[in-house]
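Asker: Structure provided below as structure tokens; questions to follow.
The values are calculated or read from the model by the stated rules, or taken from the named source; none is laboratory data. As the structure is a prediction and not an experimental result, all values here were calculated from the model. In this analysis, Cβ positions are derived from the backbone assuming ideal geometry, glycine residues included, and neighbour counts consider all displayed protein chains.
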Amino acid sequence: MILKTSKKQGFAALLIAILLVNCNIVAQQELTVDMGKTIAPIQPTMYGIFFEDINFAADGGLYAEMIKNRSFEFTVDPFIGWKQPNSDKHSYNKNSGIASIVKYADNDGNSNYCRVEVNNSTGYELINEGFRGMGIKENEVYNLYVSALNKRGNISKIIFQFIDTNGQVLGETSIATGSANWKDYTTQITATKTEAKAKLKITFEGTGEIDLDMISLFPIDTWKGREKGLRKDLVQLLDAMDPGFLRFPGGCIVEGRTLARRYQWKKTVGPVGNREVLVNRWNTEFSHRLTPDYYQSFGLGFFEYFQLSEDLGAEALPILSCGMACQFNTGELVPMEELDPYVQDAIDLIEFANGSVETPWGKVRSDMGHPELFNLKYIGVGNEQWGPAYIERYKVFADAIKAKYPDMIIVSGSGPFPEGDYFEYGMQELKKLDAKIIDEHYYKSPKWFRDNATRYDSYDRNGPKIFAGEYAAQSVAIASPNNKNNWECAFSEAAFMTGLERNAAVVNLTSYAPLMAHEEGWQWTPDMIWFNNLESYGTANYQVQKLYATHRGTDLIAIKNEGKDLQGKMIYLLLR
Ligand code: AHR
């Protein structure tokens, strides 16, 4: 082998030697590396994060709230998450008290509150079970918030205690009550012991009736120390990946099983207590993994997603409903003549992120504590839609966004599969519409990933750029509950990713999916990060993603073999 480089590059020579061995290229070939000539830059967005509230990733996960159903809004049963052990009809002490749900006269997103009637102050208990328990750590401090109104009688104190599964107390605090109007209280509890399955027990001093709402509990040790913020260990895992972008809020959660249950970003900003709780679409999606207690509080809403993107130094990539409910579920369609409010949501989102504080939506952002712009550059229209219904809706969105914000980069989608009729049709139509970036999804076998390392070698360099927006090797079958995050999957993804980076001329953004899973509350596996209420860890697949993301090349450099360009033959040099 004779290697000539136009600059002295020992590392380059070594890498080429490795490539030659791997590619079985016979010795005695003359390779020339032109270090001055970039074939394509590798975009800073090359490796990013796909976030969806699936597997308890937001409520019960990244969003550090420890109380499940804090505002008594879960629709099937507003007491999901709450127990009143001494009010059970079989209890000898059943007359100790009872809680009931009352509706507010005016509904600003929060419809219900809880009225507690205490007849016997030593007997009545209201207990929240958390998200499969609450993880508490010895000597750590937790902020507790509650809104209360004394309705009748002489209830003078509310006592809050951490208890373990045997009822042993692991820390307590109390607040003095007495206001006949709604009043917000804050207090703190220090945990006396580490416990993964703690609960919060609430008892009362005095008897009478007291109204309660927004009973909320957070560790003070959150990401960046933000009050009511995000779980620190989980964000640290994301931060360590140095992601180029953060895609949110999904996934199918964008679309909803029905249009009424689609993700509506406007309902996720502003005061947290006014954000309307919505059943999570993954709640009953899989009969083998039912999670009837899975709802979206939207405490982690669009403001928080933008803020997280900023914290991570990642481009924000919001994906919005295009007026189509999930086609694997109802597939409901908004009639074309009724699409305007959906399009307006997209236009308003851009103003929320990038508008001055004088604009209506820029003011909402500013009032939430961020007068500076979020500098949004990308917006996604639809998640995994397919067919003519998508194309005609995409066109309306794209025209409206381009007319008002010509520099906005619009991300479109090619459907759920990386080949076949839906895919071919979507790609062909989106190309005709001059789509800039098309999202492709592949949940395939490890072998598929190895075999497809060359997938993008033949993609048109002048066509739309590709966002490999959701992918993960499935060890058994797509969404099988037996899928594992094993080494074969991780290595196969790594092999495939050589083809993503080598084709940086086409592939601009990539992300593994799904991102996170609670070890007891999950619906879908494999996932990149697993956690319980105390701990979290990155899988082998996470390590692969992190390795690539933190060693991303900057440019693809041409190599010539005895004067001939090797472009397209897997012999690119990644300049790192
Ligand atoms: O990542 C899980 C799901 O897979 C996403 O919500 C959806 O877009 C895809 O089908």
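Asker: Which of the residues spanning segment 220-229 are in contact (Cβ under 8 Å) with a residue 24 or more places away in the chain and either within 16 Å of the ligand (Cβ to nearest atom) or surrounded by fewer than 24 Cβ atoms within 10 Å (Cβ to Cβ) (or both)?
Answerer: Just the residues of segment 220-229 that are in contact (Cβ under 8 Å) with a residue 24 or more places away in the chain, to begin with: 220-224, 227-229.
The answer is 220, 221, 222, 223, 224, 227, 228.
Asker: All but one of (1) surrounded by fewer than 23 Cβ atoms within 10 Å (Cβ to Cβ); (2) in contact with an Asp or Glu (Cβ under 9 Å, 6 or more places away or on another chain) hold for residue 547; state the number of the condition that does not hold.
Answerer: Answer for residue 547: the failing condition is (2).
Asker: Across segment 133-175, which residue is nearest to residue 116 (Cα to Cα) among those that are of a type in the set (Val, Ile, Thr) and assigned to a loop (DSSP other than H, G, I, E, B)? Break it down into steps so the answer makes sense when it comes.
Answerer: We begin by selecting, within segment 133-175, every residue of a type in the set (Val, Ile, Thr); these are 136, 141, 146, 155, 158-159, 163, 165, 169, 173, 175.
Right, trim to assigned to a loop (DSSP other than H, G, I, E, B) and you get 155, 165.
Values: 155: 10, 165: 24 Å.
Once the filter is applied, the top-ranked residue is 155.
Asker: From 401, 347, which residue is within 30 Å of residue 549 (Cβ to Cβ) and part of a helix (DSSP H, G or I)? Let's see the steps before the verdict.
Answerer: Numbers: 347 fails: within 30 Å of residue 549 (Cβ to Cβ).
Answer to the selection: 401.
Asker: On to the next question. It is to be established whether one or more residues within segment 526-537 are within 15 Å of the ligand (Cβ to nearest atom), over 30 Å from residue 218 (Cβ atoms), among the β-branched types (Val, Ile, Thr) and at pLDDT 95 or above.
Answerer: No; the residues of segment 526-537 include none that is within 15 Å of the ligand (Cβ to nearest atom), over 30 Å from residue 218 (Cβ atoms), among the β-branched types (Val, Ile, Thr) and at pLDDT 95 or above.
Asker: What pairs can you find where one residue is in segment 278-300 and over 11 Å from residue 59 (Cα atoms), the other is among the aliphatic types (A, V, I, L, M) and part of a helix (DSSP H, G or I), and their Cβ atoms are less than 9 Å apart, with a gap of 6+ or different chains?
Answerer: Final answer for the pair search is 281/253; 282/253.
Asker: Could you tell me how many of the residues in segment 202-225 are in a strand (DSSP E or B), over 29 Å from the mean Cα position of the chain (by Cα) and of a type in the set (S, T, N, Q)?
Answerer: Of the residues in segment 202-225, 1 are in a strand (DSSP E or B), over 29 Å from the mean Cα position of the chain (by Cα) and of a type in the set (S, T, N, Q).
Asker: Within the group 228, 267, 199, which residue is in a helix (DSSP H, G or I), charged (D, E, K, R) and touching a Gly at 6+ places or on another chain (Cβ under 8 Å)?
Answerer: Values: 228 fails: in a helix (DSSP H, G or I); 199 fails: in a helix (DSSP H, G or I).
None of the other options fit; the residue is 267.
Asker: I've got another one for you. How many of the residues making up segment 176-186 are more than 16 Å from residue 118 (Cα to Cα) and outside any strand (DSSP E or B)?
Answerer: The qualifying residues number 4.
Asker: Restricting to segment 461-510, name every residue that is surrounded by fewer than 20 Cβ atoms within 10 Å (Cβ to Cβ) and within 16 Å of the ligand (Cβ to nearest atom).
Answerer: Passing the criteria: 475, 476, 477, 478, 479, 480, 481.
Asker: Quick check: anything in segment 477-486 under 23 Å from residue 390 (Cβ atoms) and among the basic types (Lys, Arg)?
Answerer: First, pick out the residues of segment 477-486 that are under 23 Å from residue 390 (Cβ atoms): 478-479.
Subsequent filtering for residues that are among the basic types (Lys, Arg) retains none.
No, there is no match, as no residue in segment 477-486 is under 23 Å from residue 390 (Cβ atoms) and among the basic types (Lys, Arg).
Asker: What's the number of the condition residue 353 fails, among (1) in contact (Cβ under 8 Å) with a residue 60 or more places away in the chain; (2) surrounded by 15 or more Cβ atoms within 10 Å (Cβ to Cβ); (3) under 22 Å from the mean Cα position of the chain (by Cα)?
Answerer: (1)
Asker: Further, regarding this structure: Scan segment 231-244 residue by residue and report those that are assigned to a loop (DSSP other than H, G, I, E, B) and not hydrophobic (A, V, I, L, M, F, W, C).
Answerer: 242, 243, 244
Asker: Scanning for something in contact with a His (Cβ under 7 Å, 6 or more places away or on another chain) and within 16 Å of the ligand (Cβ to nearest atom), does segment 434-445 turn up at least one residue?
Answerer: No, segment 434-445 has no match at all.
Asker: Which count do you get for residues in segment 131-175 that are under 22 Å from residue 210 (Cα atoms) and in contact (Cβ under 8 Å) with a residue 40 or more places away in the chain?
Answerer: Quick first cut of segment 131-175, residues under 22 Å from residue 210 (Cα atoms) only: 143-162, 172-175.
The next check asks that each one be in contact (Cβ under 8 Å) with a residue 40 or more places away in the chain; those that pass are 143-161.
Looking only at that region, the number is 19.
Asker: When both residues are 6+ apart or on different chains and their Cβ atoms are under 8 Å apart, which pairs have a first residue that lies in segment 36-57 and is within 15 Å of residue 235 (Cα to Cα) and modelled with pLDDT of 95 or more, and a second that is within 16 Å of the ligand (Cβ to nearest atom) and basic (Lys, Arg)?
Answerer: Pairs found: 48/247; 49/247; 50/247; 51/247.
Asker: Any residue in segment 295-304 that is within 16 Å of the ligand (Cβ to nearest atom) and either more than 30 Å from residue 68 (Cα to Cα) or surrounded by fewer than 22 Cβ atoms within 10 Å (Cβ to Cβ) (or both)?
Answerer: So far as segment 295-304 goes, no, none of its residues is within 16 Å of the ligand (Cβ to nearest atom) and either more than 30 Å from residue 68 (Cα to Cα) or surrounded by fewer than 22 Cβ atoms within 10 Å (Cβ to Cβ) (or both).
Asker: Going by the structure shown, is residue 378 of a type in the set (Ser, Thr, Tyr), more than 16 Å from the ligand (Cβ to nearest atom) and either touching a residue at least 60 places away in the same chain (Cβ under 8 Å) or out of contact with any Gly (no Cβ under 9 Å at 6 or more places or on another chain) (or both)? Explain how you work it out, then say what you get.
Answerer: Details: of a type in the set (Ser, Thr, Tyr): yes; more than 16 Å from the ligand (Cβ to nearest atom): yes; either touching a residue at least 60 places away in the same chain (Cβ under 8 Å) or out of contact with any Gly (no Cβ under 9 Å at 6 or more places or on another chain) (or both): yes.
Spelling it out, residue 378 is indeed of a type in the set (Ser, Thr, Tyr), more than 16 Å from the ligand (Cβ to nearest atom) and either touching a residue at least 60 places away in the same chain (Cβ under 8 Å) or out of contact with any Gly (no Cβ under 9 Å at 6 or more places or on another chain) (or both).
Asker: Sticking with this one: Given (1) more than 16 Å from the ligand (Cβ to nearest atom); (2) free of Cβ contacts under 8 Å to residues at least 12 places away in the same chain; (3) closer than 28 Å to residue 415 by Cα, where does residue 316 come up short, assuming only one miss?
Answerer: (2)
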